[in-house]
Each structure stands twice: as structure tokens, then as C-alpha cells.
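Enquirer: One structure, pasted below without further comment.
The values are calculated or read from the model by the stated rules, or taken from the named source; none is laboratory data. What you are looking at is a predicted structure, and each value in this text was computed from that prediction instead of being measured. Ideal geometry is used to build each Cβ from the backbone, glycine not excepted, and the neighbour counts take in all protein chains shown.
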Amino acid sequence: MIKILVVDDEPAMRDGLADNLKFEGYEVDLAENGEMALDRLKENSYDLVVLDVMMPEMSGFDVCKQLRIEGNDVPVILLTAKGEEIDRVLGLELGADDYITKPFSLRELIARVKAILRRSQTISTTNDQHYEIIGLLEIDFKNYVAKKGQEEIKLSHREFEVLQFLKEHRQEIVGRDDLLKNIWRYDEFPTTRTIDNFILRLRQKIELNPNDPKIILTVHGMGYKML
């Protein structure tokens, strides 16, 4: 059964989300603050985290940042009452997979939950692996596995998606808005700076010299091109 962790310091919101997710057939655990959430994530394996941003002491941003530092790439949906662009950007840059602003409809949240779970669960349980070489890495896009030699390299689901999208448009110029629309899937784009910072981090994993990229090139004023 799919297991979701709901983190929110407001009991009514926390319990309401849990009831609706359980109604959809998911198993749900609860945490009322950031520290409790990190403890739960160390003790259990989850398919998704629904994480409130505005919590006392340890914010959702801090929790998301700590997860990614520890190498945990569990998909995260951030919830917040704030709608300013800078907050959306910060959430994405810290490794969140989606961002929804309160107040929101439960129908919208459930739709986003299902969309992220569909993407994250495309990892195959079979041993049928097919690797493609992209820069320093061998990548199996079907099973979401990346290797450098015999060492498995940790890539987030979004990193796999961006690499696959660029590969499918190899030798073509891909605009930053194209990536936001097709990978981040936002109706209101946060900012193209999100893409630039993401590509910089991705180059550190695939390029021999990230400061002189040969795989993902910047086409100034237009976007990126994979060679």
C-alpha cells in the first residue's frame, strides 16, 4: 500500500488531509512538527510527504533541505499560505516536487498527489535494464538507475526527468519555459532562475568539467541544448 506522511502543525488541517488521503486508499502517518517528521522519515519508508511550510521552530523548507542533504529523494509537496514568487522558487530549489498554496481544494491536492505518485512509481521492479551513456553516467531511464562505473549515483526523480526530456530533444534548443511547463508542470511559472540553478547542479554529476560543459550547453538568451 502507498504510504504518505502528512506534516502540519494545525491539527484540523493535519487530520483533514489524513482522512481524505485514507479515503483515497492511502496509508497515512502524521507528524505535527519538523523534527517529528524527520524522525518518522528515518524510521519509515514513505512514497510521498505532504509538508506544511509555515511551522514553528523548524519550517517545511528546513525539513526539505535536510532530507535532500541526507540523500533522501522521497517526493515532497509543500503546503503554505504564502504565495509570493520567492517562496515558490525557494521550495523548488530546495528539492520539493510540487508546491500548493493555501487555501486549496482537496480535489486539487489529490490530483497533484496522484500525478507525483504516477511519476515516482514508474521505477520497474524487473531486472530488465537498459543503460544509456550521458556524460559520466550510465542511465537506465526505465528503472530510474544511474551509475558511474560500478558505483550507483543518486539522482532525484526530477533529475531523471530533465535528463530524459533533454535527451528526447537532443541537438534541439530547449527553452527554460519548456522545462518548467513539461517537468515542473506549473500553470504559473516561478522563475527561469530555478532552471538555471538546477542545471548547474545537474552538470556537477554528468560533466567532466562542470565549468566547461560539453554535454548540456547553455544557448544564451534561449535555453539549453544537449549534445
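Enquirer: Out of the residues in the range 134-178 meeting the condition of being part of a helix (DSSP H, G or I) and of a type in the set (K, R), tell me which one is surrounded by the fewest Cβ atoms within 10 Å (Cβ to Cβ).
Expert: The extreme case among them is K167.
Enquirer: Further question on the same structure: Tally the residues that are assigned to a loop (DSSP other than H, G, I, E, B) and closer than 14 Å to C64 by Cβ, restricting the search to the range 34-50.
Expert: 1
Enquirer: Continuing with this model, one more query. Looking only at residues that are under 20 Å from the mean Cα position of the chain (by Cα) and more than 13 Å from L109 (Cβ to Cβ) in the range 2-14, which one is surrounded by the most Cβ atoms within 10 Å (Cβ to Cβ)?
Expert: V7
Enquirer: Look at K167 and say whether it is within 22 Å of L200 (Cα to Cα) and modelled with pLDDT of 85 or more.
Expert: So K167 fits the description; yes.
Enquirer: Could you list all residues from the range 183-195 that are surrounded by 14 or more Cβ atoms within 10 Å (Cβ to Cβ) and either assigned to a helix (DSSP H, G or I) or at pLDDT 80 or above (or both)?
Expert: Result: I183, W184, T194, I195.
Conditions tested, residue by residue: (1) within 23 Å of E93 (Cα to Cα); (2) out of contact with any Lys or Arg (no Cβ under 9 Å at 6 or more places or on another chain); (3) modelled with pLDDT of 85 or more.
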| position | (1), (2), (3) |
| --- | --- |
| L106 | no, yes, yes |
| Q121 | yes, yes, no |
| S124 | no, no, no |
| V145 | yes, yes, yes |
| Q150 | no, yes, no |
| E172 | no, no, yes |
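Enquirer: Only one of these is within 17 Å of A96 (Cβ to Cβ), in contact (Cβ under 8 Å) with a residue 40 or more places away in the chain and charged (D, E, K, R): E161, E207. Name it.
Expert: E161
Enquirer: Related question: Can you say whether V53 is in contact with a Ser or Thr (Cβ under 6 Å, 6 or more places away or on another chain), aliphatic (A, V, I, L, M) and either buried (at least 21 other Cβ atoms within 10 Å of the Cβ) or closer than 27 Å to F160 by Cα (or both), as far as the supplied structure shows?
Expert: It is true that V53 is in contact with a Ser or Thr (Cβ under 6 Å, 6 or more places away or on another chain), aliphatic (A, V, I, L, M) and either buried (at least 21 other Cβ atoms within 10 Å of the Cβ) or closer than 27 Å to F160 by Cα (or both).
Enquirer: Which residues, taken from the range 15-38, are among the hydrophobic types (A, V, I, L, M, F, W, C) and farther than 16 Å from L106 by Cα?
Expert: Across the range 15-38, the qualifying residues are L30, A31, M36, A37, L38.
Enquirer: Within the range 1-33, which residues are assigned to a loop (DSSP other than H, G, I, E, B) and among the acidic types (D, E)?
Expert: The answer is D8, D9, E10, E24, E32.
Enquirer: Here is a check on your reading of the model: is K205 surrounded by fewer than 14 Cβ atoms within 10 Å (Cβ to Cβ) and either at pLDDT below 90 or closer than 19 Å to K148 by Cβ (or both)?
Expert: When the stated conditions are applied, K205 does not pass them.
Enquirer: Here is a further query. Kindly provide the set of residues from the range 208-227 that are assigned to a strand (DSSP E or B) and either surrounded by fewer than 17 Cβ atoms within 10 Å (Cβ to Cβ) or of a type in the set (F, W, Y) (or both), ordered by number.
Expert: L217, T218, V219, Y224 - these are the residues of the range 208-227 that are assigned to a strand (DSSP E or B) and either surrounded by fewer than 17 Cβ atoms within 10 Å (Cβ to Cβ) or of a type in the set (F, W, Y) (or both).
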